[in-house]
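The values are calculated or read from the model by the stated rules, or taken from the named source; none is laboratory data. Worth saying up front: this structure is predicted, and the values here are computed from it rather than measured. Neighbour counts are summed over all protein chains in view; Cβ atoms, including those assigned to glycine, are modelled from backbone coordinates with ideal geometry. For accessibility, only protein heavy atoms count, side chains too; no ligands or nucleic acids. Shrake-Rupley method; radii C 1.70, N 1.55, O 1.52, S 1.80 Å.
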Amino acid sequence: MSLPLATAAVALTSIVANRVLAVALGLWLQIPAGLMLSLLIFLDVIQIPFFYRLYDRGFTFLDGIPAIKKFFSRDWSDTTLARWMMPLGGPGVMLVSAMPTFGGGIWLASFFAYALRLNRRTGYIWIALGSVLSYFTLYWILDTLIRTIRYFIY
């Protein structure tokens, strides 16, 4: 497979699925580490302003719908994740951002940064650091796994 096509497949996997599958596919298709990681981190970082804007504008736009207003105006500090993350502040947002789960990661970290009322620039930095931490950790783990699989296949 050509490098541009493989890179596009990894980008699409990152957008549609999650980090684990995107990194694993990039390693399997043998995309250079620098290209793959910089692309995936870039795709995460460009989502941050979108989610912040969604929380800024979306809540006021959806306030006319009672069920949605009730959902978003509830006290989020009573959830298990919030009780664990809220006292941590920025580092907690970074840890939530580093979670390689579908529906977690950038979306959830942006929500908690917004709920914590972190300075927008500070929130961006913590979320981006979590993304970088997640991708480098995933790369290290999955690279070892895929090299082992390739060893036994070939």
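Do we have Thr79 as closer than 26 Å to Ala115 by Cβ, β-branched (Val, Ile, Thr), exposed (fewer than 11 other Cβ atoms within 10 Å of the Cβ) and modelled with pLDDT under 90 here? Taking the combined requirement at face value, the residue does not satisfy it.
Can Ala128 be described as open to solvent by less than 50 Å² (accessible area, probe 1.4 Å), closer than 20 Å to Arg53 by Cβ and modelled with pLDDT of 90 or more? In short, yes.
The conditions are (1) at pLDDT 80 or above; (2) under 21 Å from Leu37 (Cβ atoms); (3) of a type outside the set (A, V, I, L, M, F, W, C), and Thr101 fails exactly one of them. Which is it? Every condition holds for Thr101 apart from (1).
Going through the stretch 1-24 one residue at a time, which ones are over 17 Å from the mean Cα position of the chain (by Cα) and surrounded by 14 or more Cβ atoms within 10 Å (Cβ to Cβ)? Result: Ala6, Thr7, Ala9. The set of residues in the stretch 26-60 that are open to solvent by less than 50 Å² (accessible area, probe 1.4 Å), in a helix (DSSP H, G or I), more than 15 Å from Ile127 (Cα to Cα) and among the aliphatic types (A, V, I, L, M) comprises Leu27, Ala33, Met36, Leu37, Leu39.
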